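Student: My questions all concern the structure below.
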Amino acid sequence: MKDVVYKNFKKSSRYYDIIYSSKNYKKEAEYILSFLNNSKKKQILDLGCGTGSHLKYFSKKFNSCTGIDMSKEMLKYAKIKNNFSNIKYLNKDISAYKSKKKFDIIISLFHVVNYLKTKSEINNFFYNSHFNLKEGGYLIFDFWNSNLRNRKIDRKIKYFYDKRNKIKRISVSRFQKHKNLTRVRFTFQEKLTSKYENIFKEDHLMKIYSLNTLKRYALNNKFHYLNSFNWLSKKKLTINSKAGIVIFQK
C-alpha cells in the first residue's frame, strides 16, 4: 500500500496534547516572563500558538493575548482546551500576518521558526513582526541551533497514553546537508484493539539556522539584537548548543 502523507498537524493534532503532556508549558512561560517587566497592560502575540498551551499561562499575566497558527485543526483544540476571554485565535500564516493593532511582545515557541524554510518566509517573519510591534517592543523565540547539522539519521520510537488513547509514534530524521534542512517523517499508530492500527504519516521539513543568520535577517529588518541563551537557561548560547532562545527589540 502506498504511504499517505498528510499535511503537518492535519491528523496528529488530535494526539498533540497527549504526545506533549509532559512538556512543562508553565515553566517555559515563566522563563519567557523572566526577560520582561511585569505589566498586566501589555498585549502579546504568539506566532505558531498550536493548541494554546503557552497562552494559557500568558493570559494570566497580560490583558490581551492573540494566537496565530496555520493549522485549523490545532486551533480547534486550542479553542476547546484553552479558550479564555482574553485570548483571540486566528488562522493565519505567521510569516505574512499584519495586525491592525500593535503588540508589546511577540513570541514564537517550540522551534516554530525552523518551519520557515525559504529566504522570503524568514525575512517576512522579521519584517511583519517589526510591523506588528510597538516601538520598543520585544520579539522572542526559540530555535534549533546549527549544532544539529552534525546529526546523522536518527530513528526513535515513543509511546504515549491517556485514559482513552494509546499512541505509538515512530520518527525518522534525516539531515539534508546541501539544503541545510532536516526532514522528520512521523509515523503514527493508535492501539484500537490488541494491536496498533490506524496508521498515518506526516513529513515535517525544518530549516536549521545559526544565530548569526537570524541576527542578519533581524538587523536587515531594523531590529536590535539584545541577547541569546541556551533554551531554558541563562547560559550564553554557543555553536554547540542544541537549542537556543534569542531576544530582539524594535
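The values are calculated or read from the model by the stated rules, or taken from the named source; none is laboratory data. Everything quoted here is computed from the prediction, not taken from an experiment. Cβ atoms come from the backbone with ideal geometry, glycine included; neighbour counts cover every protein chain shown.
Student: Taking the stretch 94-132, which residues are in a helix (DSSP H, G or I) and farther than 16 Å from HIS224 by Cα?
Tutor: VAL112, VAL113, ASN114, TYR115, LYS119, SER120, GLU121, ILE122, ASN124
Student: Out of the residues in the stretch 224-247 that are more than 16 Å from GLU28 (Cα to Cα) and hydrophobic (A, V, I, L, M, F, W, C), state the one that is surrounded by the most Cβ atoms within 10 Å (Cβ to Cβ).
Tutor: Per the stated criteria, the residue is LEU237.
Student: Filter the stretch 47-63 for residues that are of a type in the set (Ser, Thr, Tyr) and over 9 Å from ASN86 (Cβ atoms); which is surrounded by the fewest Cβ atoms within 10 Å (Cβ to Cβ)?
Tutor: TYR57
Student: Look through the stretch 64-98, keep the residues that are farther than 23 Å from ILE18 by Cα and out of contact with any strand residue (DSSP E or B) (no Cβ under 7 Å at 6 or more places or on another chain), and return whichever of them is surrounded by the fewest Cβ atoms within 10 Å (Cβ to Cβ).
Tutor: Restricting to residues being farther than 23 Å from ILE18 by Cα and out of contact with any strand residue (DSSP E or B) (no Cβ under 7 Å at 6 or more places or on another chain), the top hit is SER85.
Student: Right, something else. Among the candidates LEU192, LEU214, which residue alone is on the phi < 0 side of the Ramachandran plot, out of contact with any Pro (no Cβ under 7 Å at 6 or more places or on another chain) and at pLDDT below 90?
Tutor: One residue alone meets the criteria, LEU192.
Student: Okay, moving on. Could you list all residues from the stretch 40-82 that are in a loop (DSSP other than H, G, I, E, B), without any contact (Cβ under 8 Å) to a residue 24 or more places away in the chain and not charged (D, E, K, R)?
Tutor: Matches in the stretch 40-82: ASN63 only.
Student: What are the residues in the stretch 101-147 that are under 17 Å from the mean Cα position of the chain (by Cα) and among the aliphatic types (A, V, I, L, M), if any?
Tutor: Of everything in the stretch 101-147, those that are under 17 Å from the mean Cα position of the chain (by Cα) and among the aliphatic types (A, V, I, L, M) turn out to be ILE105, ILE106, ILE107, LEU109, VAL112, VAL113, LEU116, ILE122, LEU139, ILE140.
Student: Would you check if there is a residue in the stretch 212-224 being basic (Lys, Arg) and touching a residue at least 60 places away in the same chain (Cβ under 8 Å)?
Tutor: Checked the stretch 212-224: at least one residue is basic (Lys, Arg) and touching a residue at least 60 places away in the same chain (Cβ under 8 Å).
Student: Quickly run through the stretch 178-205 and pick out the residues that are surrounded by 14 or more Cβ atoms within 10 Å (Cβ to Cβ), under 17 Å from SER12 (Cα atoms) and of a type in the set (A, V, I, L, M, F, W, C).
Tutor: Those that are surrounded by 14 or more Cβ atoms within 10 Å (Cβ to Cβ), under 17 Å from SER12 (Cα atoms) and of a type in the set (A, V, I, L, M, F, W, C): VAL184, PHE186, PHE188, ILE199, PHE200, LEU205.
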